[in-house]
Amino acid sequence: MNKIAIISASVRAGRNSHRVALYLKSVIEEKQLGSVTMLDLAVYNFPVFDERLHLQKSPSAQALEFAEKINSADGVIIVTPEYNGGYPASLKNVIDLLYQEWQRKPVGISTVSDGGFAGMNVITSLQFSLWKIRAWTISAMFPVPKVTSTFNELGVPGDKEATDKRALSFLNEMLWCIEAKRRMDNKSNSQI
Ligand SMILES: Cc1cc2nc3c(=O)[nH]c(=O)nc-3n(C[C@H](O)[C@H](O)[C@H](O)COP(=O)(O)O)c2cc1C
């Protein structure tokens, strides 16, 4: 069973992008594509970290738990809003917190906005940071425009059929990358 972690990046009171995180969790579970752990940054309520986790002298239990969840996930989906053309500080905080945990990790990105452009300005800066930290960002995306009119607060889409079709295309690419990584990891292990 694939282990998928979903990072819901908005910590804003009254946030809307969390609807998409809830939706992706429900699709993965409904279609039995894997098990899902929701890493909700609003729930973690992390401080701005003053050092990377592996160099912290007294890391918090929550930070260690977050790191373990990323480390043990076969793939990570990041659901992020666009704030002034970039991704939120809450997300940069946890990307920079970790290092080894991100390496070769298949990561899928879902950008969300309540405007018509689906938060797509985030992609270049987020892709670049993830590339720098040696995550494996998958080429498929799940951009969501006009989130408040297309999903309700529980993450149920108005047009389930069309939304599921788009989500499955995104998720299948992620599953392909997870399987490719699994095979390479097995091959490397057997050669050692
Ligand atoms: C500080 C701030 C900046 C924002 N900047 C943008 C933006 O540049 N482009 C955009 O489409 N939406 C922008 N939005 C609106 C978000 O798309 C909207 O809040 C959406 O619901 C996703 O963010 P949320 O999950 O925090 O609600 C901004 C919202 C905030 C709070």
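The values are calculated or read from the model by the stated rules, or taken from the named source; none is laboratory data. A quick note: this is a predicted structure, and the numbers were derived from the prediction, not measured. Heads up, the Cβs are rebuilt from the backbone with ideal geometry, glycines too, and the neighbour counts pull from every protein chain shown. Calculation scope for accessible area: heavy atoms of the full protein, side chains included, ligands and nucleic acids excluded. Shrake-Rupley method; radii C 1.70, N 1.55, O 1.52, S 1.80 Å.
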Rounded to the angstrom and largest first, Cα extents along the principal axes for the chain equal 50, 38, 28
For segment 1-141, the count of lysine pairs 8 or more apart or interchain whose alpha-carbon atoms are under 15 Å apart comes to 7
Cα gyration tensor of segment 82-123 diagonalised, 5x eigenvalues square-rooted, in angstrom largest first, produces semi-axes 23, 12, 6
Taking a probe of 1.4 Å and leaving out DNA, RNA and ligands, the chain shows per residue an accessible area in Å² of 53
At q = 0.16, 0.21, 0.22, 0.25 Å⁻¹, the log10 of I(q)/I(0) for segment 63-156 from a Debye sum over equal Cα scatterers comes to -0.67, -1.05, -1.12, -1.29
Within segment 163-184, the residues whose backbone N lies under 17 Å from a label point placed 7 Å from the Cα of K146 along the Cα-to-Cβ direction are 163-164, 166
extent check for segment 137-192: Cα max minus min per principal axis, descending, whole Å, gives 53, 19, 18
Taking only protein heavy atoms and a 1.4 Å probe, the highest-to-lowest accessible-area order of K31, K165 is K165, K31
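Calculate the dipole size of segment 72-192 relative to its Cα centre from +1 charges on Lys and Arg beta carbons and -1 charges on Asp and Glu beta carbons; express the result in debye to the nearest 20. Don't skip to the end; give the middle numbers.
On the way: 13 positive and 12 negative charges, 101 e Å.
For segment 72-192, the charge dipole is close to 480 debye.
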When the charge dipole of the chain is computed with +1 on Lys and Arg Cβ and -1 on Asp and Glu Cβ about the Cα centre, the Cα farthest towards its positive end, among M141, M120, Y99, belongs to Y99
Taking protein heavy atoms only, a 1.4 Å probe, and rounding to whole percent, the accessible area of segment 44-83 owed to carbon and sulfur comes out at 49
Expressed in square angstrom to the nearest 10, the accessible area of S188 with a 1.4 Å probe stands at 50
